[in-house]
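Enquirer: What follows is a single structure, and I will ask about it in a moment.
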Amino acid sequence: MSEHETINITLKVWRQNGPEDSGRFETIPVADVDTHSSFLEMLDFLNEKLILEDKEPIEFDNDCREGICGTCGIMVNGIPHGHGKGMTVCQLHMREFDDGDTIVVEPFRARAYKVIQDLMVDRSPLEKIIQAGGYISVNTGGAPDGNAVPVAQEKSEEAMDAAACIGCGACVASCPNASAMLFVSAKVSQFALLPQGRAEANTRVLSMLQEMDACGFGNCTNHRVCEAACPKEVSITHIARFNREFLKASLFGRMPMGE
Amino acid sequence: MNGYITFLFSSSIGKKLLMAVTGLCLIGFLAMHLLGNTMAYAGATAFNDYAKKLHSLEPYFTVFNIGLLTIGLVHILIGVILFFENLRARPRKYEVFKNPGGMTFGSRTMPYTGILILIFVIMHLLKFTFVDKSVIPIYQQMAATFANPGWVLMYVVAMVIVAFHISHGFWSLFQTFGINHPRYTPLIMRLGLVVTLVIGIGFGILPVYLLIIA
């Protein structure tokens with residue numbers, strides 16, 4: 001934690017020109033970083049300087065910059081989104097660092113995540129898993145009556161906790177096995193807990209799991225690192241529910257694929 | 001029907017379920033083994049009689065051993081598959097990787113403690129199971145082995161390794177079965193610690209006891 005208004009840091013940042021490039025680390029000193037700026041603002045500040053020097057700016061994903069969209073996500077000193085608890089990297093501030101610090105910045109790494117450029121990775125496998133079953137099929141029409149389907153308050157709270165997942169993919173990045181179980185379990189859970197989601201519960205869990213395995217994510221070995229790294233603090237109790245739903249569906253459910 | 005069974009066992013969660021079921025069986029076996037070991041404290045005659053009685057329980061004894069071997073082999077095979085799949089899931093390692101919480105020494109070393117346990121089990125079987133017990137009874141062979149501090153140390157170290165393996169495995173198998181509840185998970189974790197200590201100390205203490213009385 002720095003008490004200075006500005007600090008000088010050194011970035012050891014991953015540079016990669018494209019998906020086919022082998023990539024390398026580049027050490028860049030950054031002087032006069034405003035401690036009130038966020039980590040991404042510090043990168044903006046650096047990029048402006050790089051552009052003025054006629055150098056290639058550092059590519060990184062970002063959008064809302066208030067921790068709700070799930071677009072940003074980089075490894076800061078070996079932890080996805082940096083060391084702050086329950087926050088995304090856009091919410092990480094430079095006052096968390098000290099003058100003279102060397103900060104290692106890497107993209108999220110997994111076989112399923114291809115590096116597009118520098119710190120930007122292709123997290124579309126997460127979208128593919130959603131497409132496989134992360135939805136409910138409804139007939140469109142007039143809005144349903146407010147209390148037509150009763151939902152217990154604690155169930156709706158738990159479903160909301162699961163739905164808090166912003167799909168940033170930090171769970172995969174932090175997992176020693178690059179497993180996507182926390183993400184998929186949150187998506188399975190948010191529907192499994194609600195009556196609207198029960199109708200397709202069996203086919204959903206099997207389809208999503210099949211897609212998850214096909215994307216090349218690793219297997220969960222219950223390290224629990226994902227839960228600690230998750231910016232939305234999604235709990236691994238959802239992974240347990242995913243396991244339960246899987247067991248239920250594979251023993252009693254209809255098979256979604258190739259019947 | 002085939003699709004269901006194949007998917008149940010070939011999917012990532014299915015493989016974990018197999019690990020959990022076989023792991024639970026192996027912990028169950030260790031509990032029986034530990035109970036049997038307590039006969040050694042009753043002396044040579046009691047232990048030798050117990051061993052003879054156990055081996056005379058045919059055909060149950062053979063069926064049990066084949067079952068145990070199958071369970072053990074499934075646990076090893078799936079473990080190896082998971083290990084290599086997980087290695088492949090991140091082809092490029094991080095330059096810097098920190099544990100933000102959750103990971104334990106036990107969880108991190110599961111594949112390695114597993115291999116060490118396998119080596120130990122093979123050695124242990126060669127030492128005490130696949131030996132001629134007609135001339136020198138098992139208790140006397142055991143007592144002779146553990147009169148050597150080197151063997152005692154080796155067994156104690158092996159039991160520490162087993163304890164670490166179980167320290168992650170016990171809690172983990174409940175999670176894989178889908179049992180995670182704010183009220184019961186802390187209890188399961190505490191029970192896991194008790195099981196770890198009972199198995200680690202329970203097995204580790206016998207060679208030490210035999211060394212002392214030797």
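Enquirer: Of the residues that make up the range A:214-236, is at least one over 29 Å from B:THR109 (Cα atoms) and surrounded by 24 or more Cβ atoms within 10 Å (Cβ to Cβ)? Give the derivation first.
Expert: From the range A:214-236, those over 29 Å from B:THR109 (Cα atoms) are none; that's our starting set.
Taking every residue of the range A:214-236 in turn, none turns out to be over 29 Å from B:THR109 (Cα atoms) and surrounded by 24 or more Cβ atoms within 10 Å (Cβ to Cβ).
Enquirer: Please tell me if B:MET123 is farther than 30 Å from A:CYS230 by Cα, more than 14 Å from chain A (Cβ to nearest Cβ) and in contact (Cβ under 8 Å) with a residue 24 or more places away in the chain. Outline the logic, then answer.
Expert: Details: farther than 30 Å from A:CYS230 by Cα: yes; more than 14 Å from chain A (Cβ to nearest Cβ): yes; in contact (Cβ under 8 Å) with a residue 24 or more places away in the chain: no.
No: the conditions fail for B:MET123.
Enquirer: Take the conditions within 21 Å of A:PHE183 (Cα to Cα), among the basic types (Lys, Arg), surrounded by fewer than 17 Cβ atoms within 10 Å (Cβ to Cβ) and within 14 Å of chain B (Cβ to nearest Cβ) and apply them to A:LYS128. Does it pass?
Expert: Values: within 21 Å of A:PHE183 (Cα to Cα): yes; among the basic types (Lys, Arg): yes; surrounded by fewer than 17 Cβ atoms within 10 Å (Cβ to Cβ): yes; within 14 Å of chain B (Cβ to nearest Cβ): no.
Taking the combined requirement at face value, the residue does not satisfy it.
Enquirer: Also, I was wondering about something else. For the structure I just gave you, tell me whether B:LEU17 is in a helix (DSSP H, G or I), within 14 Å of chain A (Cβ to nearest Cβ), within 20 Å of the chain's Cα centre (by Cα) and aliphatic (A, V, I, L, M). Give the derivation first.
Expert: On the way: in a helix (DSSP H, G or I): yes; within 14 Å of chain A (Cβ to nearest Cβ): yes; within 20 Å of the chain's Cα centre (by Cα): yes; aliphatic (A, V, I, L, M): yes.
In short, yes.
The rows are residues; the columns are (1) of a type outside the set (Val, Ile, Thr); (2) outside any loop (DSSP other than H, G, I, E, B); (3) at pLDDT below 95.
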| residue | (1), (2), (3) |
| --- | --- |
| B:TYR4 | yes, yes, yes |
| B:THR22 | no, yes, no |
| B:GLY28 | yes, yes, no |
| B:MET39 | yes, yes, yes |
| B:LYS52 | yes, yes, yes |
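Enquirer: Still on this structure, I have one more. Being surrounded by fewer than 18 Cβ atoms within 10 Å (Cβ to Cβ), assigned to a helix (DSSP H, G or I) and facing another protein chain (nearest Cβ under 9 Å) is the filter here, so list the residues in the range B:101-110 that pass it.
Expert: Selection gives B:ARG108 alone.
Enquirer: Please give the number of the condition B:PHE105 fails out of (1) more than 30 Å from A:ARG24 (Cβ to Cβ); (2) in contact with a Pro (Cβ under 8 Å, 6 or more places away or on another chain).
Expert: Unmet condition: (2).
Enquirer: Only one of (1) more than 7 Å from chain B (Cβ to nearest Cβ); (2) in contact with a Lys or Arg (Cβ under 8 Å, 6 or more places away or on another chain); (3) surrounded by fewer than 21 Cβ atoms within 10 Å (Cβ to Cβ) is not met by A:LEU193, so which one is it?
Expert: Condition not satisfied by A:LEU193: (3).
Enquirer: Count, please, the residues in the range A:68-84 that happen to be touching a His at 6+ places or on another chain (Cβ under 9 Å), over 16 Å from A:TYR113 (Cβ atoms) and part of a loop (DSSP other than H, G, I, E, B). Before the answer, list the steps.
Expert: Going through the range A:68-84, the residues touching a His at 6+ places or on another chain (Cβ under 9 Å) turn out to be A:72-77, A:84.
Restricting the remaining residues to those that are over 16 Å from A:TYR113 (Cβ atoms) gives A:76-77, A:84.
This time we only want the ones that are part of a loop (DSSP other than H, G, I, E, B), so: A:77, A:84.
The number of residues fulfilling the criteria is 2.
Enquirer: Please state which one of A:PHE39, A:PHE25 is away from chain B (no Cβ under 14 Å), at pLDDT 95 or above and under 19 Å from A:PHE108 (Cα atoms). Can you show your working first?
Expert: Details: A:PHE25 fails: away from chain B (no Cβ under 14 Å).
Of the residues listed, the single one that is away from chain B (no Cβ under 14 Å), at pLDDT 95 or above and under 19 Å from A:PHE108 (Cα atoms) is A:PHE39.
Enquirer: Condition first: part of a helix (DSSP H, G or I) and free of Cβ contacts under 8 Å to residues at least 12 places away in the same chain. Can you find one or more residues in the range B:90-100 that meet it?
Expert: Step one: filter the range B:90-100 for residues part of a helix (DSSP H, G or I), giving none.
Looking through the range B:90-100, none of the residues is part of a helix (DSSP H, G or I) and free of Cβ contacts under 8 Å to residues at least 12 places away in the same chain.
Enquirer: Here's something else I'd like to know. Filter the range A:219-235 down to residues that are within 19 Å of B:GLY178 (Cα to Cα) and facing another protein chain (nearest Cβ under 7 Å) and give me whichever is nearest to the chain's Cα centre (by Cα).
Expert: Among residues in the range A:219-235 that are within 19 Å of B:GLY178 (Cα to Cα) and facing another protein chain (nearest Cβ under 7 Å), the one nearest to the chain's Cα centre (by Cα) is A:GLU227.
Enquirer: Name every residue in the range A:1-22 that is among the hydrophobic types (A, V, I, L, M, F, W, C), in contact with a Gly (Cβ under 9 Å, 6 or more places away or on another chain) and within 14 Å of chain B (Cβ to nearest Cβ), in order of residue number. Give the steps one after another, and end with the answer.
Expert: Initially, the range A:1-22 is screened for residues among the hydrophobic types (A, V, I, L, M, F, W, C), giving A:1, A:7, A:9, A:11, A:13-14.
With the extra rule that they be in contact with a Gly (Cβ under 9 Å, 6 or more places away or on another chain), the set shrinks to A:7, A:9, A:14.
Answer for the range A:1-22, where residues must be among the hydrophobic types (A, V, I, L, M, F, W, C), in contact with a Gly (Cβ under 9 Å, 6 or more places away or on another chain) and within 14 Å of chain B (Cβ to nearest Cβ): just A:TRP14.
Enquirer: If I ask for residues that are over 25 Å from the mean Cα position of the chain (by Cα) and within 14 Å of another protein chain (Cβ to nearest Cβ), which ones from the range A:131-154 would you list?
Expert: A:GLU154
Enquirer: Please enumerate the residues belonging to the range A:1-59 that are of a type in the set (Lys, Arg) and free of Cβ contacts under 8 Å to residues at least 40 places away in the same chain. Give the steps one after another, and end with the answer.
Expert: Narrowing the range A:1-59 to residues of a type in the set (Lys, Arg): A:12, A:15, A:24, A:49, A:55.
Hits for the range A:1-59 are A:ARG24, A:LYS49, A:LYS55.
Enquirer: Considering only residues of the range B:163-185 that are outside any helix (DSSP H, G or I) and more than 8 Å from every other protein chain (Cβ to nearest Cβ), which is surrounded by the most Cβ atoms within 10 Å (Cβ to Cβ)? Break it down stepwise before answering.
Expert: If we filter the range B:163-185 for residues that are outside any helix (DSSP H, G or I), which is where we start, we get B:177-184.
Of the ones still in play, those that are also more than 8 Å from every other protein chain (Cβ to nearest Cβ) are B:183-184.
Numbers: B:ARG183: 6, B:TYR184: 12.
My answer is B:TYR184.
Enquirer: While we're on this one: I need every pair where a residue in the range A:69-98 that is assigned by TED's automatic domain parsing to the domain that holds A:CYS171 has its Cβ under 9 Å from the Cβ of a residue that is polar (S, T, N, Q), sequence separation at least 6 or different chains.
Expert: Filtered contacts from the range A:69-98: no entries.
The values are calculated or read from the model by the stated rules, or taken from the named source; none is laboratory data. These figures come from a predicted structure and were not determined experimentally. Because the Cβ atoms are built from the backbone with ideal geometry, glycine has one as well, and the counts that use them run over all protein chains shown.
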